[in-house]
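Quick note: the coordinates plus some simple rules give every number you see, no bench work behind them. As the structure is a computational prediction, the values presented were derived from the model and not from experiment. Here the Cβ is made from the backbone with ideal geometry for all residues, glycine too, and neighbour counts use every protein chain on show.
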Amino acid sequence: MSIWQEISAYRQTLSCLETVNHEIGCEREDQAFWWQSLSPSLAALLEKNRYSEEEQQYYLRWFHQWIAPALGVRPRYGKPYYTSGLTHDKSPLEFSQNWKENSPDQLVRFTLEPACRESGTSSDPFNQNIARDVITRMSKHVPGIDLKRFEHFFQETSVPFEASDEIAAKLLPGQARARVLLAFDLDHGGPVAKAYFVPQLKATYTGVSQKTVVFDSIRKWSPSYNQSAAALEGYLDSLPHEKPPQPFLVAIDCDDNPRSRVKVYLNETSVDSLNKAKEIFSLGGRLKSTTIKESLKAIDEWWYHIFALEPGSKSDDKKVLFGPTAVYAFELRPSEEGQEEIEMEVKLHLPLWVLEQTDAQLSERLSAWFKKHNHDVFADRYLPDLEYAFPKNSLGQSAGTHTWVSITYTPKTGLYMTMYYTPRLPEVNGLWS
C-alpha cells in the first residue's frame, strides 16, 4: 500500500474530514499536497479534543482555504522547495495543545512559517513578504484580526531588499533566515491570530544587538510597556557572561485590545540545573508576584517529574541537555501610571526531543503528570490520541514528535502547559519524495 493509500484509509475514519473532502473542488498541486499531508492530524486533534462537528468542519475548511496554500511549493525530488527552520526536523508547521489545571478542555493550536514560490530566491531571499500577505488577506474575511500591531513590528524588524546580499554575507552557513511566523489558537469562537518576528536580520543589517531591536520596537509601539520591558532588559544587561542570551523572537496578538501582551522569547543555553532555570524565570528575583512564586513552585515540581529525579535530591538536580536547553517566553503587559508591581507572566519551554526517550515514554511521563493533578481522563487518552493524530510516527519506537513543552501558572488556569508536536513530514512520513 502506498503512503497516499494509507493516508486515504486513515482519513476515512474522520467523518468531519471526509465531509470537507467531498466539498473540496479542484486544488492546485501544492495546496493539495499540504492539505493531504496535514489535514488528517488536524482533524484528529479537533475530534479528540471534543470540538463540535460544526467547529471541526469550520476549522478544516478554514485550514484548506488559508493555511494549506500558505505553505508554498511542495517538496520535490526528496528536498523541500523552501527549508523552514521552525521545527527540528524542518517540518514547516508545528501543532500544539494546551492543558489547564482548572479546566477539563484542551485547545488545539499550530504555528507555521508561510512560504511561497519566491521564498528563499533572489526575489525574496529572507522570505519577508508572504506572512504579511497571508494575514492581510485573511483579516478581510476572518473577524477579530487587527493588523496595526502586526504592521508596527513587521516594519521594525524588516530589512531593505537592496541590502539582501550584504546581510547574507554576514550570516553563518546554515543559519536560519526566517523573518515572520504565524500562529493560530483554534478557539471555540474562531481563530485567534498571533505573529512572531525574528530580529536577527535587522540586527545584522544595523549592527546593533537583537536585544536593542526588540526593546526599541516595543517602546516605539507604546510607552505602557516600558516598566516590564525595562525589567527584562535590565536583567539581561546585568548578566556577567561574555555572550549574554539574546532575544530571538518578539511576538504579538493580532488584535486591537490595548491590554494585549507582547512576548519576548529568550534562548538560554546555560540552563543545566533547576536553580538556574528558576533564576532566569524570575529575572534574578526581580519578579516577585504571587503568580511568579506559584510558577516557580510548578517548575520545581515539573523539573523533578520530567527528569525522573527523587524528590528532595537537590544535589542531583543538574541536567545537561544536548543542543537547545531552554526557551523563556516573557509576556509583557501594559502598566498603569504609578503601578509598582511589574506586569509580566513567564513560560519555561523545555525541549523534549533531546531527552533520549521515545514519544510513547514521554507520553507516559506526561500522563502521570496529568493524573497527579487529577486529570485522569486526559491522562488515559493522551497517548492513544497522539497515536490517532500521528499514526505514521511510530511513537513507541522513536523520538521527535514531541518538540517542546511549556509550563507556567496563572490564577485563572492554575498550572498551564502546552505540548508541541511536529508532524515529522520529511523523516517519518516520507513526504519529501
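With θ taken as phi - 60° and the coefficients 6.51, -1.76 and 1.60, list the Karplus ³J(HN,Hα) couplings across segment 225-232 in order, rounded to whole Hz; mark glycine and proline as x.
After applying 6.51 cos²θ - 1.76 cosθ + 1.60, I find 8, 4, 5, 5, 5, 5, 5, 5 Hz.
For the chain, compute Rg over Rh where Rg is the Cα radius of gyration and Rh is the Kirkwood radius from the inverse mean 1/r over Cα pairs.
Answer for the chain: 0.94.
Taking other Cβ within 10 Å of each residue's Cβ, how do Ser270, Ser394, Ser119 sort, fewest first?
Ser270, Ser394, Ser119
From the phi of every residue in segment 382-395, what ³J(HN,Hα) in whole Hz does the Karplus formula 6.51 cos²θ - 1.76 cosθ + 1.60 yield, where θ is phi - 60° and glycine or proline is x?
The phi angles translate into 4, 5, x, 5, 5, 5, 6, 7, 10, x, 8, 8, 6, 4 Hz.
Given the rule -39500 (n - 2.57) for each run of at least 4 DSSP H residues, summed and divided by the residues of the chain, what is its mean residue ellipticity at 222 nm, to the nearest 500 deg cm²/dmol?
-11500 deg cm²/dmol
For segment 363-379, in order, what is each residue's ³J(HN,Hα) by Karplus, 6.51 cos²θ - 1.76 cosθ + 1.60 with θ = phi - 60°, in whole Hz (x at glycine and Pro)?
Listing the rounded values in order: 4, 5, 5, 5, 4, 4, 5, 4, 5, 4, 9, 6, 10, 4, 5, 5, 4 Hz.
Can you pull the Kirkwood radius for segment 15-69, inverse mean 1/r over Cα pairs, to one decimal in Å?
So the Kirkwood estimate lands at 11.1 Å.
Considering Cα pairs under 8 angstrom that are at least six residues apart, work out the relative contact order of segment 134-283 and quote it in whole percent.
Worked out over segment 134-283, it gives 25 percent.
How charged is the neighbourhood of Ala163? Take every other residue with its Cβ under 15 Å from the Cβ of Ala163, and add Lys/Arg as +1 and Asp/Glu as -1.
Around Ala163, the charge tally is 0.
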